[in-house]
Amino acid sequence: MIATLRRVIAISLGEVGAPLAELVRCSNGREENDMPQGDKSAYTDKQRRKAAEIEKSYEAQGRPANEAERIAWATVNKMDGGGKESGSGRSRSRSEAAKKGWETRRKKAAKSSG
């Protein structure tokens, strides 16, 4: 926010080095350069392949490449709930209480069956 105010002041004073393009705001009110977006490291290979295929199909329909990429990742996020490592529990181990309950149920089942 402070950086934005500095740029506005620099432009109003006629100082060079504060291009108007930097003051363009996104539809959500943030500046385009506020925070880097697009880190795909949390996505699995399967999610990346899905996004690539969706992107190709939108480009084949005549959409611009950047719009096709945006729509593709939005679709993957909607289908899979965002970037995540694979697996149902995603490497969460059972709590001690859950382990104890599982062992108790297993022992009771073994006694009753035989």
Gain in span if fully extended, Ser41 to Met79, counting 0.36 nm per residue against the direct Cα distance:
11.9 nm
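When Lys and Arg each count +1 and Asp and Glu each count -1, what net charge do the other residues less than 14 Å away from Tyr58, Cβ to Cβ, add up to? It would help to have the intermediate numbers written out before the result.
Numbers: positive: Lys50, Lys56, Arg63, Arg70; negative: Glu53, Glu55, Glu59, Glu67, Glu69.
Net charge in that neighbourhood comes out at -1.
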For Lys108, go through the lysines and keep the ones whose alpha-carbon is under 20 Å away, minus same-chain ones fewer than eight residues off.
Lys99, Lys100
Difference of contour (0.36 nm per residue) and Cα-Cα distance, Ala60 to Lys108:
11.3 nm
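Each reported figure results from applying straightforward, stated rules to the coordinates on display, with no laboratory input. Just so you know, these numbers come straight off a predicted model, no measurement behind them. Here the Cβ is made from the backbone with ideal geometry for all residues, glycine too, and neighbour counts use every protein chain on show.
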